[in-house]
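Student: For reference, the structure I am asking about is given below.
The values are calculated or read from the model by the stated rules, or taken from the named source; none is laboratory data. For clarity, every value in this text was computed on a predicted model and none was experimentally measured. All Cβ positions, even for glycine, are placed from backbone atoms using ideal geometry, and neighbour counts span all protein chains on display. Areas reflect the complete protein model, heavy atoms only, side chains present, ligands, DNA and RNA absent. Shrake-Rupley method; radii C 1.70, N 1.55, O 1.52, S 1.80 Å.
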Amino acid sequence: MAKVVLTSKEIFRKDKVREHNVTSLVISNLDTKEARFLYNGVPRIIPPFDAMYNVPVGSFEFSNYGHHFDIDIQFDSDTYNLVVDYSILLEATNPNNCR
């Protein structure tokens, strides 16, 4: 059985996230202004957090139906309040135990 590691990272300023064998990705905006970033070279925008109702309006989510993929995310602003959650597929350490 495949195993994954769940990872969460807070982004507050310019930063990069580069990972291989990612199985799912969610980026949530916790700021009251929209967030802009590059995902694999493509510009993306996440709407701002709704302070009136205290809920995130939308998040950037990506999954490839159980298949793994690589991510290269670039955050170029000096101010962010984002949470990046993703899972990484682990390689089997003992192939005889994999089914």
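Student: Within the chain, what's the longest run with no GluC sites (Glu not before Pro) in a DSSP loop and at most 15 other beta-carbon atoms within 10 Å? Give the range, please.
Tutor: No qualifying site falls inside 35-90, the longest such stretch.
Student: Another question about this same structure. Please list, in order along the range 10-20, the HN-Hα scalar couplings obtained from phi with the Karplus expression 6.51 cos²θ - 1.76 cosθ + 1.60 (θ = phi - 60°), rounded to whole Hz, x for Gly and Pro.
Tutor: Working through the residues one at a time gives 8, 10, 10, 7, 3, 6, 9, 10, 10, 9, 10 Hz.
Student: Taking Lys9 as the anchor, which aspartates and glutamates have their alpha carbon closer than 19 Å to its alpha carbon, excluding any fewer than eight residues away along the same chain?
Tutor: The qualifying aspartates and glutamates are Glu19, Asp31, Glu34, Glu61, Asp70, Asp72, Asp76, Asp78, Asp85.
Student: Contour minus end-to-end for His67 and Lys9, with contour as 0.36 nm per residue of separation and end-to-end as the Cα-Cα distance?
Tutor: That works out to 18.7 nm of additional length.
Student: With every protein chain left in place, what is the accessible area per residue of the chain in square angstrom, probe 1.4 Å?
Tutor: Value for the chain: 69 Å² per residue.
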